[in-house]
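Novice: One structure coming up, written as structure tokens, with questions to follow.
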Amino acid sequence: MIKLHEGGVYLVNGTELVPEAEAGRVTQLTGRAADKAEAKKGTIAWGILKSHNRSESMDALQIRFDALTSHDITYVGIIQTARASGMDRFLIPYVLTCCHNSLNAVGGTINEDDHMFGLTAARKYGGIFVPPHMAVIHQYMREMHAGCGKMILGSDSHTRYGALGTMAVGEGGGELDKQILGDTWDNPYPGVVAVYLTGKPQPWVGPQDVALAICGAVYKNGYVKNKVMEFVGPGVGSMGTDYRNGVDVMTTETTCLSSVWRTDEDTHAWLREHGREDDYRKLDPAQIAWYDGCVEIDLSTIKPMIALPFHPSNVWEIDALNTDLADILRETEKAAAEVSQGRAPYTLLDKIRGGALQVQQGIIAGCAGGTYSNVAEAANLLRGRSVGPGEFTLSVYPSSMPVYMDLGRKGILTDLMAAGAVIKTAFCGPCFGAGDTPNHNGLSIRHVTRNFPNREGSKPGQGQMSAVALMDARSIAATAVNGGLLTSAEAYGDAFGEVSAYHFDRSAYDARVYFGFEKAEPDTALFYGPNIKDWPERPALQENILLKVCSKILDEVTTTDELIPSGETSAYRSNPLGLAEFTLSRRDPAYVGKTKAVDALETARERGEDVLALAPELREVFAVIRTLPGQENVSPAGTEIGSVLYANRPGDGSAREQAASCQRVIGGLANITREYATKRYRSNVMNWGMLPFQLRGEPTAFEVDDYIYVPGIVSALEKDELDDIPAYVIKNGRAEEIRLYIGEMTENEREIVRAGCLINFNKNRRG
């Protein structure tokens, strides 16, 4: 049972939920009157945010984090940006992991070149470098850095360590650069939603089942969007910390801002086992705490779940799916047709065999699936059984070398291998399309974080398509026992619930991790490979801008994977212009050519060339512009030209800054949207000097190749007059006015956009 409360609630004594309309009960329970403003300070989130806030106001947060973390498809660009901005050392612990491009499988030497760059940067600037195959980013941060009351910022959307009492946030690289340079993460005080847990999960129900049930309940209605999810209630104690970690990391898929859990003796024991007992303190809401909403969950009612393609919120109970298999799969096939756009067939109905769904592949991996208890529970069922010699395959990736070592010592890996599973090292590839791509038209079931289109590595544009469904390791093991016929773990309930205690051994880290914080060696030379390039220079924003519409996407949501594909393209993320060639390649292949043509015009304008001679179509455009009030003397030489992308709701998914920077380096100057799916994508847009416009009304006035003229935009930013921005669609010899606006921006964000990007902003203030 999951219940979403319609309004805010008071939590009294950690166990009593009181709706705002019944505030009188607070007095009955405590002898104190309900005071919402004071009770707001009673949340765990308030205390953590207050202790990290550098501003005088809790309404406008300026946060300094305790540590930073990035992986090998983001840290090169972040460090390059910081270097260009004047950085000389890392001011706080900065962990660089190699868990995304660790296979060195694409592009020759370039992946290992990035790793060598990371190692030399850690030495030069005083960082912590985790070599390939040692750990996935989030497991390492759990084991070595997360602690009660801390805050950690990561350049990966799944930066979530709430189950260890850490408020962690995933953002684009620009926000990490601000921390590296001693600046702050600025954000209005977020709403805080209680996730009130009661009951206890059944032994055959795993953390992914709980997480998928939550995603299904809150994603589409935006119940927790850009809010903090605070896990409270007696049900927290029914789950071990390893289990809680598995639920917590999936909160990213709800579009929440961050998460935090009440802590207890199990948290204490977990940190003690990892040699960090001093990082424990008990975190609980105050006697009276106010929450802006409440997700109430009876854990005992959660069933084994599956998230069908193509989103973690597309959830079904596995038993319900099997009961109505054909009808539900028929709808999934329709969704697949929308994804493929006729470029590749994808079918599921033909996989129904004897009334069950035949799956081709199972994966248990990463920060969600590869934890010790998940792998051990899968082995509990597979021990003495066989995956079989058919089409179904099973791969298991333990999340870190310490987890790998303990599973090995206890014989758990041997049991899995004897059953036919393949054991691999810590790697995030199955979560973002760079490992274990299934066969064409295949279905993979995975205990990973995400199942967006092409996250399994297929290429619909080349006629190749497969898909992923998300499940818990326990039900994946149950399916494996049945040769790949989709099966709920409940069918083997007696196999689960007994896992031997985990022992953490950090010797592999001591042998291979470079611990360089506060040990900077400034004379160290950075290693550069041929794919590692500096960021191209971008100009400051001009007073008047002319935008050419280079793509118009009317999908309900546009993910970051569509803006810049994951998978093999990740190998080129140290090369801004090289990577930009893939922008929108799986959604709108014409976009790159169009925006590069616009960028060529802007480059010519900056050189003082006559753009009207280069693009005669602009003669009529400027003739129309000069008929507008106050624009009689506007000249092409003084009007910045850039491209604009329209999408209804872009930015769901990864925190990767490249989703915005790839637009910027090839001419992007603005986005126009109905709304932004996540804060992190909007932050990326601003940090790369693009205007985060939103449109009032429907996008019917303009189409691809039309021009939109926006006068006085620098003045509007300077005066913070962004609620109503006049703009004009120029087409067919006339101008049609549209109304744009920009949501709340901090003073620094406005200045970053005016400067042209974060690098320019930092150069300007450092002289």
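Novice: Going by average Cβ density within 10 Å per residue, which order do the peptides 459-467, 533-541 take, highest to lowest? Working shown, then result.
Specialist: Working: 459-467: 18.4, 533-541: 16.9.
The packing order, highest mean first, is 459-467, 533-541.
Novice: Now a separate question. Using the alpha-carbon centroid of each, what span in Å lies between region 293-362 and region 179-197?
Specialist: About 34 Å separates the Cα centre of region 293-362 from the one of region 179-197.
Novice: Kirkwood Rh, Cα Rg: Rg to Rh for region 310-365?
Specialist: 0.97
Novice: Find the all-direction average of the projected area of the Cα convex hull for region 663-724, expressing the result in square nanometres with one decimal place.
Specialist: 5.0 nm²
Novice: Using 10 Å bins from zero, what percent of all Cα-Cα pairs in region 662-767 falls into each bin?
Specialist: Over region 662-767, the share of Cα pairs per 10 Å bin runs 14, 45, 33, 7, 1 percent.
Novice: Follow-up question, since we're still on this one. Roughly speaking, what is the centre-to-centre gap between region 660-735 and region 24-84 when only Cα atoms are used, to the nearest Å?
Specialist: 30 Å
Novice: Placing +1 on the Cβ of each Lys and Arg and -1 on the Cβ of each Asp and Glu in the chain, which of F515, A469, I545 has its Cα farthest towards the positive end of the resulting dipole?
Specialist: Farthest towards the positive end: F515.
Novice: I need the semi-axes of the equivalent ellipsoid of region 544-766: take the C-alpha gyration tensor, multiply each eigenvalue by 5, square-root it, list largest first in whole angstrom.
Specialist: 26, 19, 18
Novice: Related question: Any idea what the dipole of the chain comes to, in debye rounded to 20, about its Cα centre with Lys/Arg Cβ at +1 and Asp/Glu Cβ at -1? Mind dumping the intermediate values first?
Specialist: Numbers: 76 positive and 97 negative charges, 152 e Å.
Magnitude of the dipole: close to 720 debye.
Novice: Need the full-extension length gain, L577 to V704, defined as separation in residues times 0.36 nm minus the C-alpha distance. One decimal, nm.
Specialist: Result: 43.4 nm gained on full extension.
Novice: Translational D (Stokes-Einstein, µm²/s) of region 238-324 at 37 °C and 0.692 mPa s when Rh comes from the Kirkwood sum over C-alpha pairs?
Specialist: Result for D is 206 µm²/s.
Novice: Turning to a different aspect of this structure: Can you give me the P(r) profile for region 148-220? Cα pairs, bins 5 angstrom wide beginning at 0, each as a whole percent.
Specialist: It works out to 3, 11, 15, 23, 19, 12, 8, 5, 3, 0, in whole percents.
Novice: In vacuum, with every alpha carbon of region 305-505 counted as one equal point scatterer, what does the Debye formula give for log10 I(q)/I(0) at q = 0.08 Å⁻¹? Two decimals, please.
Specialist: -0.24
Novice: Using a simple spin-label model with points 7 Å from Cα along the Cα→Cβ vector, what separation in nm is obtained for E737 and A320?
Specialist: Between E737 and A320, the label points sit 4.9 nm apart.
Novice: Say each of F527 and S386 gets a label point 7 Å from the Cα, pointing the same way as Cα to Cβ; how far apart are those two points in nm?
Specialist: Inter-label distance under the simple model: 4.5 nm.
Novice: Given labels modelled 7 Å from the Cα in the Cβ direction, how far is it in nm from A600 to A37?
Specialist: For the pair A600/A37, the computed spacing is 6.1 nm.
Novice: Counting only Cα, what are the radius of gyration and maximum Cα-Cα distance Dmax of region 252-392, in Å?
Specialist: When restricted to the Cα atoms of region 252-392, Rg and Dmax are 20.8, 58 Å.
Novice: Which of the peptides 745-751, 93-99 is most tightly packed, and how do the rest follow, judged by the mean count of other Cβ atoms within 10 Å per residue?
Specialist: Values: 745-751: 16.6, 93-99: 27.4.
Listed from highest to lowest mean packing, they are 93-99, 745-751.
Novice: Please report the base-10 log of the normalised intensity I(q)/I(0) for the chain, using a Debye sum with one equal scatterer per alpha carbon and no solvent, at each q in 0.05, 0.06, 0.11 (1/Å).
Specialist: -0.25, -0.36, -1.22
Novice: How many percent of all Cα-Cα pairs in region 63-186 sit more than 21 Å apart?
Specialist: Working: 2503 of 7626 pairs.
When all Cα pairs of region 63-186 are counted, 33 percent exceed 21 Å.
Novice: On a full-extension model of 0.36 nm per residue, what is the gain between D59 and D723, subtracting their alpha-carbon distance, rounded to one decimal in nm?
Specialist: Value of the extension gain: 237.0 nm.
Novice: Which loop-located trypsin sites (Lys or Arg not before Pro) does region 29-68 contain, where loop means any DSSP state but H, G, I, E or B and the Cβ has at most 12 other Cβ atoms within 10 Å?
Specialist: Qualifying residues, ordered by number: R54.
Novice: OK, next. According to the Kirkwood expression over distinct Cα-Cα pairs, how big is the hydrodynamic radius of region 42-103, in Å?
Specialist: 14.0 Å
Novice: A follow-up question, please. In Å³ and rounded to a whole number, note down the convex hull volume per residue for the Cα atoms of region 122-187.
Specialist: On the way: hull volume 7.1 nm³, N = 66.
It comes to 108 Å³ per residue, whole-number rounded.
Novice: Can I ask one more? At a Förster radius of 35 Å, what calculated FRET efficiency corresponds to the Cβ-Cβ distance of Q28 and R506, to the nearest 0.05?
Specialist: Values: r = 51 Å, r/R0 = 1.45.
So the FRET efficiency works out to roughly 0.10.
Novice: On to the next question. In Å, what Rg and Dmax follow from the Cα atoms of region 464-607?
Specialist: 24.9, 74
Bear in mind these aren't lab numbers, they're just calculated from the coordinates by the rules spelled out. From a predicted model like this one, the values you see are computed outputs, not experimental measurements. No Cβ is skipped: glycine too gets one built from the backbone with ideal geometry, and neighbour counts run over all protein chains shown.
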